[in-house]
Amino acid sequence: MTAKKYTAAIIGIGRIGFTLGFDKKREQPASHTMALLSNKRIQIVAGCDSDAENLARWHKYVPKASVFSDCKEMLSSVSADIVVVAVNEDAHKSCAIAAIKSNPKLVILEKPVALNMIEGNEIKTAAEEAGVPVLINHERRFACDYRIAKNYISKIGAIQTVNARLDSGFYVYNPEKESNGEYSLLHDGTHLVDIVMFLLEDCDNPSEPVLKNLKISDIFYDEKISGVVRNLNVHAQNEKCSDINLFFSGRSKFFGFEIEIIGTEGRIRIGNGLFEFFSRQESKLYTGFYSLLPDKKIKRPSKTGYFANMVQNCVDFLDGNANLRSTLQTGLNTLQILEEIKKIF
């Protein structure tokens, strides 16, 4: 019996929608177009972008698909099982709601859900009224390395401390960019907050954020631009750990993303280029003592499959064989934490 194929249409064929698929340093597939094309169960039938040059370049790569410069025109002309929304943050609400109202079987919405919770809740209302499920592409929830880390947490004892940090040269927050989301707390910070919550969640789709009692422990403002945050430390708690630290740097001359979870019997360090697991073992330094030593049983996966696994999760969901691993609710939980952080500046 031949497995059913699903059709897909993409709104937004810029970097994450298309061109990151040509980055030779990234694990591929690294864009929506390439991930959909690599799955034999999916056929791309349409693409949309307001940039004519992007559209022409994409059409050469996917010649059998129809192309449109306006998403509403595309959605009224083409019926697709899956609609991907991969536009800039300031267009998330309008494009996501338009996609939902076209009544596909599934919408894939790029992170973050929206610019703010007001817009996010409007998307939620539209999805509930239409009965259309929405997957949020917080990609690390699908990556094999982070799923290994989540499964390993039960082996490190009681969690004592979580340290998560994002380093870049892009300002953490700029009040003048609220209308387009061009600041790292929203753009990349959404990944940091979301994956910390993923690692600490007990279920796949919690109804509310698992981080509580947020407090600013340190903040560094730009000396020349009023209201612009360059460095930010946030302390949080939850039922599993009373010492959760989120660090966002907008002054670093490199890009870094890492998380450390320290338990009473082990430690995990994971992030961009990081995959380290330590367990309590008899010390090689002191008689009668135990140390944390590398756990040689844990092997780094050759590929994380972060994008390919996301698309496969969509197929499995549409087949009725799996739940979505990253839902509209988990995306809203992350957005809520980001908004709470901004409120306490």
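The values are calculated or read from the model by the stated rules, or taken from the named source; none is laboratory data. Note that the structure is predicted; figures quoted are calculated from it, not measured. Counting neighbours? That spans all protein chains shown, and the Cβs are built from the backbone with ideal geometry, glycine included. To get the accessible areas, we keep the full protein, side chains included, count just its heavy atoms, and leave off ligands, DNA and RNA. Shrake-Rupley method; radii C 1.70, N 1.55, O 1.52, S 1.80 Å.
Quick look at the values:
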{"read-out": "Å² of accessible area per residue within the chain, as computed with a 1.4 Å probe and no ligands counted", "value": "48 Å²"}
{"read-out": "Loop sites in segment 202-283: GluC sites (Glu not before Pro), DSSP, at most 11 other Cβ within 10 Å", "value": "Glu223, Glu239"}
{"read-out": "Rg(Cα)/(2.2 N^0.38 Å) for the chain, N = residue count", "value": "1.03"}
{"read-out": "Sulfur and carbon atoms: percent of accessible area, the chain [1.4 Å]", "value": "47 percent"}
{"read-out": "Loop-located trypsin sites (Lys or Arg not before Pro) in segment 54-131 whose Cβ has at most 10 other Cβ within 10 Å (DSSP)", "value": "Lys64"}
{"read-out": "Tail weight of P(r) past 26 Å, computed on alpha-carbon pairs of segment 200-345, percent", "value": "47 percent"}
{"read-out": "Cα convex hull volume per residue for segment 278-345 (Å³)", "value": "210 Å³"}
{"read-out": "Chymotrypsin sites (Phe, Trp or Tyr not before Pro) within segment 42-117, DSSP loop, no more than 10 other Cβ atoms inside 10 Å", "value": "none"}
{"read-out": "Exposure of Asp243 as accessible area (Å², to 10), given a probe of 1.4 Å and all protein chains", "value": "50 Å²"}
{"read-out": "Cα centroid separation, segment 1-40 to segment 189-257 (Å)", "value": "30 Å"}
{"read-out": "Assigned charges on the beta-carbon of Lys, Arg, Asp, Glu; the chain dipole about Cα centre (debye)", "value": "1340 debye"}
{"read-out": "FRET efficiency, Ser207 to Thr161 (Cβ-Cβ, R0 35 Å, nearest 0.05)", "value": "0.85"}
{"read-out": "Percent of beta bridges antiparallel (DSSP, segment 140-251, rounded to nearest 5)", "value": "70 percent"}
{"read-out": "Burial order of peptide ranges 290-297, 187-194 (average beta-carbon count within 10 Å, highest first)", "value": "187-194, 290-297"}
{"read-out": "Most mobile of Asn213, Asn121, Asn333 in a GNM of the chain (Cα contacts under 10 Å)", "value": "Asn213"}
{"read-out": "Bridge type composition, the chain - antiparallel percent by DSSP, nearest 5", "value": "60 percent"}
{"read-out": "Euclidean distance of C-alpha centroids, segment 274-345 and segment 70-104, integer Å", "value": "30 Å"}
{"read-out": "Antiparallel %, DSSP beta bridges [both residues in segment 1-113], to 5", "value": "0 percent"}
